[in-house]
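Take a look at the structure set out below.
Readers should treat all values here as calculations from the given coordinates under stated rules, not as data from a laboratory. It should be emphasised that the depicted structure is a prediction, and the values quoted were computed from it without experimental measurement. Don't worry about glycine lacking a Cβ; one is built from the backbone with ideal geometry, like all the others, and counts go over all protein chains shown.
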Amino acid sequence: MKETVRKPVLAVGPFHPLQEEMEFFQLTVDGEIVTDIDVRISYNHRGMEGIAETMQYDQIPFLVSRICGICSASHPLAYVQAVEDFAGITPPDRARYVRTIINELERIHSHVLWVGLAGHFIGYDTVFMWAWKYREPVLDLLEKITGNRNNYGNVRVGGCREDIPDELKPEILREMDKIEKKVDMLTKAVLDDPILHARLKGVGTLTKKDGIAYAVTGPTARGSGIKVDVRHDDPYAAYGELDWKVITQEQGDVFAKAVVRLLETSECIKMVREALKKLPGGPIAVEVKEIPPGEGCGHAEAPRGETFHYVRSDGGNRPVRHKMRAPSYVNVPSFRASCIGQHIADVTLTLAAVDPCYSCTERLAVVDSHNSVIHDYDSLLRLSREKTARLKKEIGAPEMRLEDI
Amino acid sequence: MSWKTWSLKKSVWVFHVNTGACNNCDIEIVNLLTPKFDVERFGMKLVGSPRHADALLVTGVVTRQAAPRLKEVYRQTPKPCVVFAIGACACDKGIFHAGYHVVGPVDKIVREEDPNAIIAYVPGCPPKPEAMISGVVKALSAL
């Protein structure tokens, strides 16, 4: 009981406009330094696996694309690959390329979105506005191809639902040229800015050893020097036939994760171009008569890491078991390795650097083990921005008023 | 029209409540603020606390964990306020209607708290930002 009095937990601001993560982070701090972090999840539990067992094979891609709105091309792809795995279906070549293009377009807009959010967290709201402006054309392209800005639901067992029409190719290439310039600009801005170096380097470091121990995936792992990428390790769709490289950085801090994401975006743009050039003719789907009994696995590289689906069938028109595993679920526990020992001002940034799939809501409270000072999410954001302003002052950059940021 | 309703219709400040959405509606709401749609030019603003808000933008099927929190947020919002159910899930649970952890939709939970709540529906999965702007304008002009 005494312990509870000494460390009260105040549930502050369950909902915040920008980080809608449904995880509950409880930080125990000693002065400015974080000494412990506790994560509680399941606020956003919708019972997807149970719902999937009530749906037919052709309906499930529409369900799994709604696991997370941003990974809404990777999840259906992983599911479809799982079914194709045990049903022995080979999708046509054109379908494989269309899947690759949709997935890479998704990765482009997701990574650009993250850059904007990271800018917002350290008080660079201009970056936030610009980055989100640059991703709009990609959403428009996806709408032209699949009919929806998000939640494309473009894959189905045996192929794809919508084709990329030939008359859209020049437009996609034109938009890729435009966005490449913007991404180059953002990359140069991040690499050249002394304030960003001071603010992001050495913050929230996840060492390679810790990364392997926590089994992190995606850009979180690649930023720590772990070369893991499903597209490279177990090529699916058309990734094996394209020329691209896995981006890794050794440092493991927030800066490295930002660089990984930005350089990866450039790779995505190259991949989209190459895939469009090589796009073979022919049908985009094969006819699927029936799904035999069996079990299969499929995985795909979502913008945040590996997404894995397991499907078991008894020969009926619905799966008897459908297991899903999303990348954020394995990335989130790594906060224990990257946040402990950090300043409170760096915590929001470190949490954001993992880019947890925010299909949920964030609740965050900080408990000071000495004098029970409690910070809510807004005050943490403010602390983070104040630190940027302080660093700017030390470096001699033009002073930024707090009202501006 | 009471002066309270009259003042509600100008420069609506909105608070965003995610009750178990897939995140798409949320991203589209944030998209509203960015240069392409820029609703701040109409005086609409996302605020960080329900106590500052005139309207709630509620997304998502209401999960068991989120239902008491949605009610709490609604209690904290100054009245009169408008609740916008954004997206198919918030309007009628959408594709998740069979989920065992889903107690929504939004109007049911909010009405448990306040039977006379003003609720506006913006369907779509996710609704386009243009649809959300149109929904807000229609709801406010109907007040």
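Quick notes on this structure:
- Whole-Hz couplings from phi, Karplus 6.51/-1.76/1.60, listed for the stretch A:218-223; x for Gly and Pro: x, x, 4, 6, 5, x
- Of the trypsin sites (Lys or Arg not before Pro) found in the stretch B:15-50, the ones in coil according to DSSP and having at most 16 other Cβ atoms within 10 Å of their Cβ are B:LYS36.
- R0 of 22 Å, Cβ-Cβ distance A:ALA213-A:TYR329: FRET efficiency to nearest 0.05: 0.85
- The separation of the stretch A:176-251 from the stretch B:122-143, counted between C-alpha centres, amounts to 38 Å.
- Amide H contacts for A:ILE37 (H built 1.01 Å from N in the peptide plane; partners 5 or more residues away or on another chain; cut-off under 5 Å): A:THR28.
- Within the stretch A:232-302, trypsin sites (Lys or Arg not before Pro) in DSSP loop having at most 12 other beta-carbon neighbours inside 10 Å: A:LYS245, A:LYS289
- Backbone phi angles across the stretch B:124-138, fed through the Karplus curve with coefficients 6.51, -1.76 and 1.60 (θ = phi - 60°), yield HN-Hα couplings of x, 9, x, x, 5, x, 4, 5, 5, 4, 4, x, 5, 5, 5 Hz in residue order; Gly and Pro are listed as x.
- Efficiency of FRET from Cβ geometry, A:LYS169 and A:GLU290, R₀ 35 Å, rounded to 0.05: 0.50
- For the stretch A:48-328, a crude dipole built from +1 on the beta carbon of Lys and Arg and -1 on the beta carbon of Asp and Glu, taken about the Cα centre, is about 520 debye to the nearest 20.
- In a reduced charge model with +1 at each Lys and Arg Cβ and -1 at each Asp and Glu Cβ, the protein assembly as shown shows a dipole moment near 880 debye about its Cα centre.
- Alpha carbon centroid spacing (whole Å) that separates the stretch A:327-357 from the stretch A:52-69: 29
- Comparing Cα centroids, the stretch B:1-45 and the stretch A:291-310 end up 37 angstrom apart.
- Per DSSP, loop chymotrypsin sites (Phe, Trp or Tyr not before Pro) in the stretch B:59-143 with at most 15 further Cβ within 10 Å: B:TYR100
- Across the stretch A:169-174, rounded Karplus estimates of 3J(HN,Hα) from the backbone phi angles (6.51 cos²θ - 1.76 cosθ + 1.60, θ = phi - 60°) give 4, x, 5, 4, 4, 4 Hz, Gly and Pro being marked x.
- R0 of 22 Å, Cβ-Cβ distance A:LEU191-A:ILE395: FRET efficiency to nearest 0.05: 0.85
- Taking amide H atoms as placed 1.01 Å from N in the peptide plane, the amide H of B:HIS16 lies under 5 Å from those of B:VAL47, B:LEU57, each 5 or more residues away in sequence or on another chain.
- Between amide H atoms placed 1.01 Å from N, distances below 5 Å from B:THR63 occur with B:VAL103, all of them 5 or more places distant or on a separate chain.
- Long pairs among A:LYS323/B:LYS45; A:LYS133/A:LYS393; A:LYS133/B:LYS4, criterion Cα-Cα beyond 32 Å: A:LYS323/B:LYS45; A:LYS133/B:LYS4
- Extension gain from B:ASN116 to B:ARG75, taking 0.36 nm per residue of separation minus the Cα-Cα distance: 13.5 nm
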